[in-house]
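Visitor: Let me begin by handing over the structure; questions about it come next.
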There are 2 protein chains.
Amino acid sequence: MSLRHAVLGLLAHGPASGYDLLKTFEGSLANAWPATQSQLYGELNKLADSGYVTVAAEGPRGRKEYAITEAGRAELHHWITEVEPERVRRSDMLLRVFFLDLVERREALDYLRREAEGAAERHAAFAELALVVDSTDDPLAEHGRIALEWGLRFTKMQQEWAEWAQRRLG
Amino acid sequence: MSLRHAVLGLLAHGPASGYDLLKTFEGSLANAWPATQSQLYGELNKLADSGYVTVAAEGPRGRKEYAITEAGRAELHHWITEVEPERVRRSDMLLRVFFLDLVERREALDYLRREAEGAAERHAAFAELALVVDSTDDPLAEHGRIALEWGLRFTKMQQEWAEWAQRRLG
DNA sequence: CTGTACATGTAATACGTTACATGATTCA
DNA sequence: TGAATCATGTAACGTATTACATGTACAG
């Protein structure tokens with residue numbers, strides 16, 4: 001049910017076409033809620049049917065510019081402030097850990113080493129992004145920066161955990 | 001595609017019925033890969049069709065005890081050691097953070113406070129579990145303990161992040 | 001005038017959740 | 001004998017991924 005709220009959240013900042021929104025979903029938002037082109041266009045039509053968005057303008061090449069309605073804003077506000085975030089998360093990375101006793105110790109250590117390295121790489125990428133964000137004094141980037149901080153801390157935690165696990169197993 | 005590997009991983013430790021497996025999916029494994037009864041029974045039939053498991057014995061009340069085959073073990077080993085874990089994760093908790101500029105500052109701080117509190121609670125629950133696990137010298141619990149450590153570190157990170165975010169916003 | 005970017009849509013397939021449906025065994 | 005537990009299966013619905021399908025506008 002969250003794709004609809006992701007779309008509403010973006011449209012709450014200003015009108016946009018499905019194509020515009022797609023760029024955002026491929027960018028920063030991909031870290032919180034990835035979505036495909038197919039999904040997006042379908043969701044926009046459903047949102048329009050429900051009255052949460054309207055086609056505010058039509059442009060060249062069949063472009064449809066969507067705008068959020070009052071009902072859409074109300075639904076979005078309700079979702080942000082009153083709906084409990086979903087705690088269930090699947091992790092096939094962690095799932096493998098449960099079964100590491102089924103492979104050679106060498107293979108298990110290799111697995112954890114790759115996890116640590118991958119986490120370190122993703123951390124470095126986030127850190128670079130943070131440098132850029134921090135050097136611009138754009139107040140609109142404030143919440144993106146808080147989400148980015150989550151990524152920084154998560155990847156760091158993941159790396160440290162994988163290193164700890166290697167020491168414990170090794 | 002990971003439910004099948006979760007099932008294979010459990011059966012690699014010994015034969016079990018769908019009903020048996022369900023208990024495990026409701027327990028420790030729920031933190032890494034939750035699954036419903038409906039999904040499980042369906043997957044077991046598919047795995048049997050593919051030759052990854054066989055019905056090793058039948059018991060009272062239509063009970064079917066499944067056992068992993070050599071092909072199943074090979075597939076499981078391949079998955080653990082060679083298949084790259086999926087990095088894409090959706091988080092509606094993080095998604096809301098991107099849109100926190102759309103609500104009152106008071107509401108945004110409330111949201112982060114609730115996140116911090118929830119993380120602290122989940123951390124405490126994990127910590128209690130860790131005490132139990134650490135006091136038993138069961139070598140089989142070793143990998144479960146490593147997964148548990150991930151939960152411990154994740155919830156701690158989440159709490160600290162939410163507190164940091166409150167200070168930054170407030 | 002041609003390639004690239006813009007722009008939207010549908011179909012097939014798989015995965016996941018909830019609810020429904022049914023029945024056998026055990027134990028108090 | 002009635003309730004709890006054991007035990008499996010199906011159906012409906014929603015969401016996600018991939019591929020297919022089509023056409024317009026603009027810039028070089």
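Visitor: Hey, how many Å between the Cα centroid of the range B:128-170 and the Cα centroid of the range B:1-75?
Guide: Value for the Cα centre distance between the two parts: 28 Å.
Visitor: Let me ask something additional. With label points built 7 Å along Cα→Cβ from the Cα atoms of B:Val88 and A:Asp101, find their separation and express it in nm.
Guide: Distance between the two pseudo-spin positions: 3.3 nm.
Visitor: Then there's this: Please report, in debye to the nearest 20, how large the charge dipole of the range B:42-141 is about its Cα centre when each Lys and Arg carries +1 at its beta carbon and each Asp and Glu carries -1 there.
Guide: Numbers: 14 positive and 21 negative charges, 73 e Å.
Roughly 360 debye, rounded to the nearest 20.
Visitor: Based on the Kirkwood radius over alpha-carbon pairs, what is the Stokes-Einstein translational diffusion coefficient of the protein assembly as shown at 25 °C with 0.890 mPa s viscosity, in µm²/s? Write out the running numbers ahead of the final one.
Guide: Working: Rh = 22.4 Å.
For the chosen part, D equals 110 µm²/s.
Visitor: Based on the Cα coordinates of chain B, what is the per residue volume of their convex hull in Å³?
Guide: With only Cα atoms used, chain B gives 157 Å³ per residue.
Visitor: Calculate the dipole size of chain B relative to its Cα centre from +1 charges on Lys and Arg beta carbons and -1 charges on Asp and Glu beta carbons; express the result in debye to the nearest 20.
Guide: 440
Visitor: How many nm separate the modelled label positions at A:Ala56 and A:Leu129, each set 7 Å beyond the Cα in the direction of the Cβ?
Guide: It works out to 2.6 nm between the two label points.
Visitor: Treat every Asp and Glu Cβ in the range B:2-82 as -1 and every Lys and Arg Cβ as +1, leave all other atoms uncharged, and give the resulting dipole magnitude about the Cα centre to the nearest 20 debye.
Guide: The calculation lands at about 200 debye.
Visitor: Could you bin all the Cα-Cα distances of the range A:125-170 into 10 Å bins starting at 0 and give me the percent of pairs in each, rounded to whole numbers?
Guide: Spelled out bin by bin, the range A:125-170 gives 25, 40, 20, 12, 3 percent.
Visitor: Turning to a different aspect of this structure: Given R₀ = 30 Å, FRET efficiency for A:Asp49-A:Glu26 by Cβ-Cβ distance, to 0.05?
Guide: E between A:Asp49 and A:Glu26, to the nearest 0.05, is 0.75.
Visitor: If the elastic network links every pair of Cα atoms under 10 Å, which of A:Glu70, A:Glu115, A:Glu84 fluctuates the most in the Gaussian network model of chain A?
Guide: A:Glu84
Visitor: Which value, in nm² and rounded to one decimal, describes the direction-averaged projected area of the C-alpha convex hull of the range A:92-169?
Guide: 5.5
Visitor: Another one. Where is the GNM fluctuation largest for chain A (alpha-carbon springs, 10 angstrom cutoff): A:Pro85, A:Pro34, A:Pro15?
Guide: Of A:Pro85, A:Pro34, A:Pro15, the most mobile in the Gaussian network model is A:Pro85.
Visitor: Which lysines have a Cα less than 30 Å from the Cα of A:Lys46, not counting those fewer than 8 places away in the same chain?
Guide: A:Lys23, A:Lys64
Visitor: Another one. Sequence neighbours fewer than 8 away in the same chain don't count; with that in mind, list the lysines whose C-alpha is under 22 Å from A:Lys156.
Guide: Candidates past the 8-residue exclusion: B:Lys156.
Visitor: Return the FRET efficiency for the residue pair B:Ala67, B:Asp138: r is the Cβ-Cβ distance, R0 is 25 Å, and the value is rounded to the nearest 0.05.
Guide: Rounded to the nearest 0.05, the efficiency is 0.60.
Visitor: Here's another thing I want to ask about it. State, to one decimal in nm and shortest first, how far the label point of B:Glu58 sits from each corresponding label point in the other identical copies (label point: 7 angstrom along Cα-to-Cβ).
Guide: Label-point separations across copies, in nm and ascending: 6.3.
Visitor: Oh, and also: Looking at the axis that maps chain A onto chain B, which chain A residue has the closest Cβ, and how far off is it in Å, rounded to a whole number?
Guide: So the closest residue, with its distance, comes out as A:Met157, 2.
Visitor: Here's another thing I want to ask about it. Can you pull the mean other chain C-beta count within 10 Å for peptide B:141-147?
Guide: Average per residue, whole number: 6.
Visitor: Averaged across the residues of B:109-117, what count of C-beta atoms belonging to other chains lies within 10 Å of each residue's C-beta?
Guide: Counting other chains' Cβ atoms within 10 Å and averaging over B:109-117 gives 1.
Visitor: With springs only between Cα atoms under 10 Å apart, run a GNM on chain B and tell me which of B:Ser38, B:Ser135, B:Ser50 wobbles the most.
Guide: B:Ser135
Visitor: Over all alpha-carbon pairs in the range A:2-82, figure out the percentage whose distance exceeds 20 Å.
Guide: It works out to 25 percent of all Cα pairs.
Visitor: Efficiency by 1/(1 + (r/R0)^6): what FRET value for B:Gln37 and B:Ala12, r their Cβ-Cβ distance, R0 = 25 Å, to the nearest 0.05?
Guide: So the FRET efficiency works out to roughly 0.70.
Visitor: Going toward the positive end of the dipole of chain B, with +1 on Lys and Arg Cβ and -1 on Asp and Glu Cβ, which of B:Ser135, B:Tyr41, B:Leu94 do you reach last?
Guide: B:Leu94
Taken together, the values in this text are just the output of simple stated rules run on the coordinates, not laboratory data. Quick caveat: nothing in here was measured; it's all calculated off a predicted structure. Cβ sites come from the backbone with ideal geometry, for glycine too, and all protein chains shown count toward neighbours.
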